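As structure tokens, the structure follows; a few thoughts come after it.
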């Protein structure tokens with residue numbers, strides 16, 4: 001009888017579950033300073049499930065906005081990731097150029113727009129997140145206006161913030177899972193936290209208090225249950241403010 005080999009990521013996931021470290025995904029309280037963690041991942045990537053598990057873990061940490069951004073360049077290797085987007089892939093390529101990398105890789109976690117690592121070691125990730133946390137952020141708020149609009153308010157600049165900055169709107173689903181039928185992770189049930197379904201730049205911020213209005217129909221798919229805004233310095237890529245909100249059910 002042949003030997004059965006258990007993938008290493010399955011072992012890591014079992015250990016995290018045994019420790020009780022995988023907690024339910026919880027929404028971030030509005031108004032608190034947020035450290036943004038973006039995980040570039042794919043269901044077709046054999047090394048990504050451990051990083052997916054770590055992102056689920058840190059998504060429950062207070063003061064952290066953790067986003068799972070699925071890229072599409074693994075789709076030709078036997079499994080088409082249902083959550084992959086061209087916008088996510090382009091965002092990762094923009095980071096690669098900013099970091100001076102000659103290639104993109106998965107899994108890759110980008111922390112606050114300025115630090116990156118594979119993201120498979122939860123202890124290292126939590127330390128990097130703690131190192132990146134900063135109270136010196138621009139004030140950002142996000143609220144629903146009626147049933148059709150979102151209002152974004154970005155406060156005035158303080159002395160430490162870099163200008164100019166782009167304002168990004170992200171829509172996401174807090175929990176998603178899929179049974180992978182083929183490719184490197186065939187036979188696996190993969191669970192994801194805060195899966196990005198829409199990503200677009202909605203404006204710029206030049207240091208003055210600024211208000212933006214966005215129609216919900218333009219924010220992302222109607223199925224998305226959450227939205228976030230990120231204010232990101234154009235030159236350095238540093239995320240200097242963020243906010244998150246739950247979205248109403250939409251027809």
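Sort 172, 99 so the one with the fewest other Cβ atoms within 10 Å of its own Cβ comes first.
Values: 172 28, 99 13.
Final ranking by Cβ density, sparse to dense: 99, 172.
Report the extension gain between residue 163 and residue 121 in nm, rounded to one decimal, defined as 0.36 nm multiplied by the number of residues separating them, less their alpha carbon distance.
Details: separation 42, 0.36 × 42 = 15.12 nm, distance 3.32 nm.
So the extension gain works out to 11.8 nm.
Quick one: order 36, 170 by neighbouring beta-carbon count within 10 Å, fewest to most. Spell out each step's value before the answer.
Details: 36 24, 170 27.
Listed from fewest to most nearby Cβ atoms, that is 36, 170.
How would you rank 177-186, 226-235, highest first, on the average number of other Cβ atoms within 10 Å across their residues?
Working: 177-186: 15.3, 226-235: 20.9.
Result, highest mean first: 226-235, 177-186.
Note down the relative contact order for segment 27-246 as a percent, whole number, built from C-alpha pairs under 8 angstrom at least six residues apart. Don't jump to the answer; show the numbers that get you there.
Values: 519 pairs, mean separation 55.8, N = 220.
Answer for segment 27-246 is 25 percent.
Among 200, 56, 176, which comes first, then next, by fewest other beta-carbon atoms within 10 Å?
On the way: 200 13, 56 24, 176 17.
Fewest-to-most ranking of 200, 56, 176: 200, 176, 56.
Between residue 139 and residue 189, what length comes free when the chain is fully extended (0.36 nm per residue of separation minus the Cα-Cα distance, one decimal in nm)?
On the way: separation 50, 0.36 × 50 = 18.00 nm, distance 3.89 nm.
So the extension gain works out to 14.1 nm.
Each reported figure results from applying straightforward, stated rules to the coordinates on display, with no laboratory input. On a predicted model such as this, the values are computed, not experimentally measured, just so you know. Every residue, glycine among them, receives a Cβ derived from its backbone with ideal geometry; neighbour counts consider all protein chains shown.
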